[in-house]
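Trainee: Please find one structure pasted underneath; my questions will follow.
Only the coordinates and a few stated rules stand behind these numbers; no lab work does. This is a predicted model, so every value here is computed, not measured. When we count neighbours, we look across all protein chains shown, and the Cβ atoms used for this are built from the backbone with ideal geometry, even at glycine.
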Amino acid sequence: MAAHSAVPVKRARDERLDVFRGLTMLIIFIAHLPENSWNAWIPARFGFSSGAELFVFCSGIASALAFGGVFTRRGLWLGTARIAHRIWQVYWAQIGLVFGLIGLAAGLDRALGLAEIARQFAPLLSDPERALFGLVTLTWQPDYLDILPMYLVILALVPVMMLARRLHAVLPFMITAGLYTAVWSIGLNLSGNPWNGAGWFLNPFAWQFIFFIGFFIGMKWLLVPRLSDRRLMMAATLFILISVPLSFWSILEHWPLAQATRDLLIPVSEKTDLHILRVLHFLALAYLVLSLIDPWRDRLDRGAGHLLILIGRQSLAAFLASVVLARLLGTIADMAGRGEAVVALLNLAGFALILATALVVGWFKRSPWTGPGRKPLAEPPSEPMMHASPTTRVREAS
């Protein structure tokens, strides 16, 4: 009995995390597909926050579940080694993604006579030496290729937080708040463009704030309020409703007062430096959505929810596929025209291909070749008869 009780019980997987990560992958695809009319109707158009907050928050929770246990069970050094291994993987995913897109652009230029290299990666032509150095050192991040570098820097902060927790329970919260404050007080950022000195579009020292909210929740260092509390739901709903006229493009275009109010409240760097209103909006929206779906939590793995779960469980591969598909299908849209039927077809095709990518990667991760092999086929009965005498063969055949 003592030996049996010592066996650790595997934590049940929270399907909500995979559902929302899968949903985020589809939103990212829509947002990255150039001139996509569906982009006008994604959740980001109705509030301060966007799919990026959902992606980073879910990554924080997932990192706590994936890496936090290594720190607590095996110690700081092995936990840090596990994080370093993940950083290594994500870094090469970023490099592979960038050079894959460069190769795709070059292929389109050669096959169709386009100028995608000049449009997407102009510095490669004008200043190739600095451009290549910037790509491999992450000091140059072409448009829409800045999410994984941000994630790398934030991952590197995980061991810092785990060490800080050993020193004092409050210290990790102080570090994440201090970094966020430094962004807005002294402009803390990293260099993201060697030609004009601009910082990273997604400032990792700002976006770590929402990542570690998720991480602290996943580690159970930060308690969440009880779901379906009426007062909290009403407060969250009110905040979300107030944000709609300050965010929805149709209202902003036709109501100058709403646009003026938004400009007064939210600076130009609101996404780069993760304005606090984006954080509050996301937390309010998350609380409200989680409260509303809580009664159906056990049914999330059915129908469309099951498909989102399949994508969410392979989020890195799905993200890489979504970025590549957005560029490729964007070129197809330019050639086929951007009528609503064509746009709808391309969006749905992108969804299907992202799902297919997740299924294929999931199949490979299961390593089907390592399981028990098939039972060998029986030897053909005719083979030993080749050495029998003619009389014996005639007798056995009869």
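Trainee: Mind giving me the nanometre distance, one decimal, between the label points for Val244 and Arg166, set 7 Å out from Cα along Cα→Cβ?
Mentor: 5.0 nm
Trainee: Moving on. For segment 149-235, state the average projected area of the convex hull of the C-alpha atoms over all orientations, rounded to one decimal in nm².
Mentor: Working: hull surface 30.2 nm².
For the Cα atoms of segment 149-235, the hull's average projected area reads 7.5 nm².
Trainee: Could you list, bin by bin from short to long, the percent of Cα-Cα pairs of segment 18-120 in 5 Å steps?
Mentor: Per 5 Å bin, starting at zero, the Cα-Cα P(r) for segment 18-120 comes out as 2, 10, 12, 15, 16, 15, 13, 9, 5, 3, 1, 0 percent.
Trainee: Could you give each residue of segment 21-35 its phi-based ³J(HN,Hα) in whole Hz, using Karplus coefficients 6.51, -1.76, 1.60 with θ = phi - 60°, and x for Gly or Pro?
Mentor: In residue order, the calculated couplings are 5, x, 4, 4, 4, 5, 5, 4, 4, 4, 5, 8, 5, x, 6 Hz.
Trainee: To continue, here is another question. For a quick size check, give me the Cα extents of the chain along its three principal axes, largest first, whole Å.
Mentor: Principal axes ranked by extent give 105, 70, 45 Å for the Cα atoms.
Trainee: Now for a separate question. Principal axis lengths of segment 129-168 from Cα atoms, whole Å, largest first?
Mentor: Here the spans come out as 45, 20, 9 Å, largest first.
Trainee: Right, here's the next one. Which whole-number percentage describes the relative contact order of the chain, with Cα contacts under 8 Å and a sequence gap of 6 or more? The partial results should precede the final answer.
Mentor: Details: 398 pairs, mean separation 106.1, N = 398.
The value is 27 percent.
Trainee: Radius of gyration and Dmax for segment 277-321's Cα atoms, expressed in Å?
Mentor: Gyration radius and largest Cα-Cα distance of segment 277-321: 13.4, 34 Å.
Trainee: Let me ask something else about it. For segment 247-325, what percent of Cα pairs sit more than 16 Å apart? Mind dumping the intermediate values first?
Mentor: On the way: 2231 of 3081 pairs.
Of the Cα pairs, 72 percent sit more than 16 Å apart.
Trainee: What number, rounded to the nearest 500 deg cm²/dmol, is the helix-based mean residue ellipticity at 222 nm of the chain, given -39500 (n - 2.57) per DSSP H run of at least four residues and division by all its residues?
Mentor: The helix-only estimate for the chain comes to -21500 deg cm²/dmol at 222 nm.
Trainee: Hey, another quick one. Quick one: compute a quarter of the convex hull surface over the Cα atoms of segment 161-303 and quote it in nm².
Mentor: On the way: hull surface 51.5 nm².
For the Cα atoms of segment 161-303, the hull's average projected area reads 12.9 nm².
Trainee: Can you list the residues of segment 178-222 with backbone N under 15 Å from a point 7 Å past the Cα of Ser126, pointing along Cα to Cβ?
Mentor: 193-198
Trainee: Hey, could you get me the Stokes-Einstein D for segment 273-379, Kirkwood radius over alpha-carbon pairs, 37 °C and 0.692 mPa s, rounded to whole µm² s⁻¹? Display every interim value, and only then the final one.
Mentor: Details: Rh = 17.6 Å.
D = 186 µm²/s.
Trainee: Here is a follow-up. Taking amide H atoms as placed 1.01 Å from N in the peptide plane, list the residues 5 or more away in sequence, or in a different chain, whose amide H sits under 5 Å from that of Leu222.
Mentor: Ile217
Trainee: Which net charge results for the neighbourhood of Pro267, defined as the other residues with beta-carbon distances under 15 angstrom from its beta-carbon, given Lys and Arg at +1 and Asp and Glu at -1?
Mentor: 0
Trainee: Between Met335, Met174, Met219, find the one with the highest GNM mean-square fluctuation for the chain; connect C-alpha pairs within less than 10 Å.
Mentor: Largest GNM mean-square fluctuation: Met335.
Trainee: For segment 83-212, divide the Cα radius of gyration by the Kirkwood radius and give the resulting Rg/Rh value with two decimals. Provide the component values of the computation, followed by the final result.
Mentor: Working: Rg = 17.6 Å, Rh = 16.4 Å.
When Rh is taken as the Kirkwood radius, the ratio is 1.07.
Trainee: Let me ask something else about it. Enumerate the amide H contacts of Gly199 below 5 Å, restricted to partners 5 or more residues apart or on another chain; note that Pro and chain-start residues carry no placed amide H.
Mentor: Under 5 Å from the amide H of Gly199 lie the amide H atoms of Gly192, each far enough along the sequence or on another chain.
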